[in-house]
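The values are calculated or read from the model by the stated rules, or taken from the named source; none is laboratory data. The structure displayed is predicted, hence computed values, not measured ones. All Cβ positions, even for glycine, are placed from backbone atoms using ideal geometry, and neighbour counts span all protein chains on display.
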Amino acid sequence: MATFVPATERRVQSPHLPFGDRRDAPFYQMDILSVSQFSREDLEYIFGVAKEMRSIVERVGTFDLLKGKILANLFYEPSTRTSSSFLSAMERLGGSVIPINEVHYSSVAKGESLPDTIRTLQSYADVIVLRHPEVGSAALAARYASKPIINAGDGVGEHPTQALLDLFTILAELGEVDGQTVTLLGDLKYGRTVHSLARLLSLYDVELHYVSPSILRMPTEVIDEVAAKGIRQSEHDSLDAVIGQSDVLYVTRVQQERFEREADYESVAGAYIIDATTMEKAKERMIVMHPLPRVGEIADEVDDDPRAAYFRQMEYGLYVRMALLALVLGKA
Ligand code: NCD
C-alpha cells in the first residue's frame, strides 16, 4: 500500500506537520490514486469510519473535526455528485473548500500546466481532489504535491472513491460482499467506475458478469488483473442470461464524450434499458446501482422499486468521502 504513495515518506518525516494531526493514523497524508492501493483490511477500516460518519451526520448534521482545514476541489471535467459530495463532506466536517469547477475561468485557460496548478493550490489547501480527462493525471499531480491528492476520476482510468462508495453501498444494502454475484452492465470500456469497481471486488469472494455491446467490453488488463485473484468472470451481450442470478446489477451510462466517432456512439446508445419488465426477471433482493448520471438506461418506473439503490448510493458517497478526508488529514 505505502509503495503506491509517492510522497508519503517525505511528508511523514517533515518537521512542519500541522499541530494536532495524528501522524500515526492510518492513511495520514496518503494519496488516493487507485483502488489497487487498498487491502481488505484497509477497506474494513475506511468503512468503519464511514459508518461513524453516517451516525454522526444523522444525529448532529455537522461537526468540527476538520475545522481550519481547506480542500481544493479541482475539476477539469463536468461533475455534480463527486464535486458536491466532496464539498458537502468537507463542510459537514467543519472545513472549507476552494471550488474550481470551471477551469475555463482559472489560469488553466491561460495555458497553465497541471503541475503548476497543483503547486499553486497546495500552497493554499491541505488536500486536493482532482478530476481530469487524462489517465494517470492524479498520479502525475501527486508527484508535484506534498499534500494528499485524491483521484476523482482520471479520464477512462479509475475512479477510486466511487468504487469505495459502491462497495460501501453493497455492504449497507446486502450485509456482505462475499458470496455475491455482481453484473456490470453498459459501457465497460470507457467507464472508469467499473474499472475501479471490478478491481476492488476482486478482493472478495464474488462472481462477476460483464454485459456490454461488443465494442464496449471490459479492457483485457482489468480482466487479467481480476483473473489473477482467482475471480470467476464471464462476458455477455445480453442481460437475459445473467439477470436471474445477479445480486447486484450495476448499470452505467455509455460515455458519449469518450468516443472518437459519433456513429460508433449512435450504434450503441440505448443498447440496454432497465425497466419494470427487467426487474420482473431479477431476484427479490437484487439491488440496482448506477454511479449516475443516467441518460435513459434505467427507466423512471424503476425508481419506486425498493431494489433501486442508486439514489441511496449517492448518500452513502457522502459518508465515505467524509471518512476519506478525515483519514488523509489525520483526524479519524
Ligand atoms: C461517473 C464518472 O464521472 O465517471 N459519475 C460519477 O462520478 N458519479 C459516471 C459517469 O459519468 O457516467
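Just a few scattered comments:
- Of all the numbered requirements in (1) modelled with pLDDT under 95; (2) touching a strand residue (DSSP E or B) at 6+ places or on another chain (Cβ under 7 Å), residue 102 misses one, and that requirement is (2).
- Test result for residue 332, away from the ligand (no atom under 12 Å from the Cβ), of a type outside the set (D, E, K, R), crowded, with 23+ Cβ neighbours inside 10 Å and assigned to a loop (DSSP other than H, G, I, E, B): yes
- Some residue of segment 192-210 being away from the ligand (no atom under 16 Å from the Cβ), farther than 25 Å from residue 119 by Cα and free of Cβ contacts under 8 Å to residues at least 24 places away in the same chain: no
- Qualifying positions in segment 136-155 - within 16 Å of the ligand (Cβ to nearest atom) and not small (Gly, Ala, Ser): 150, 151, 154
- Residue count, segment 286-314 (criterion: assigned to a loop (DSSP other than H, G, I, E, B), more than 12 Å from the ligand (Cβ to nearest atom) and loosely packed, with under 11 Cβ neighbours inside 10 Å): 2
- Selection within segment 38-70 - touching an Asp or Glu at 6+ places or on another chain (Cβ under 7 Å) and among the aliphatic types (A, V, I, L, M): 70
- Only residues that are part of a helix (DSSP H, G or I) and either modelled with pLDDT of 95 or more or not acidic (Asp, Glu) (or both) were counted in segment 7-65, giving 29.
- Qualifying residue in segment 156-174 (condition: at pLDDT 95 or above, under 23 Å from residue 244 (Cβ atoms) and in a loop (DSSP other than H, G, I, E, B)): no
- Taking the listed residues 263, 282, the one that is away from the ligand (no atom under 16 Å from the Cβ) and under 23 Å from residue 173 (Cα atoms) is 282, with no other qualifying.
- Pick from segment 156-172, criterion within 14 Å of the ligand (Cβ to nearest atom) and of a type in the set (A, V, I, L, M), ranking: farthest from residue 31 (Cα to Cα): 156
- Checking each residue in segment 287-314 for being of a type in the set (A, V, I, L, M) and either farther than 18 Å from residue 168 by Cβ or in contact with a Gly (Cβ under 7 Å, 6 or more places away or on another chain) (or both) picks out 295, 298, 299, 302.
- Restricting attention to segment 45-83, the residues being surrounded by fewer than 16 Cβ atoms within 10 Å (Cβ to Cβ), free of Cβ contacts under 8 Å to residues at least 12 places away in the same chain and not charged (D, E, K, R) number 4.
- Per-region count, segment 109-135, residues within 16 Å of the ligand (Cβ to nearest atom) and either part of a loop (DSSP other than H, G, I, E, B) or touching a Gly at 6+ places or on another chain (Cβ under 8 Å) (or both): 5
- Verdict on residue 179 being surrounded by fewer than 23 Cβ atoms within 10 Å (Cβ to Cβ), within 16 Å of the ligand (Cβ to nearest atom) and assigned to a loop (DSSP other than H, G, I, E, B): no
- Segment 27-46, residues that are of a type in the set (Phe, Trp, Tyr) and within 14 Å of the chain's Cα centre (by Cα): 38
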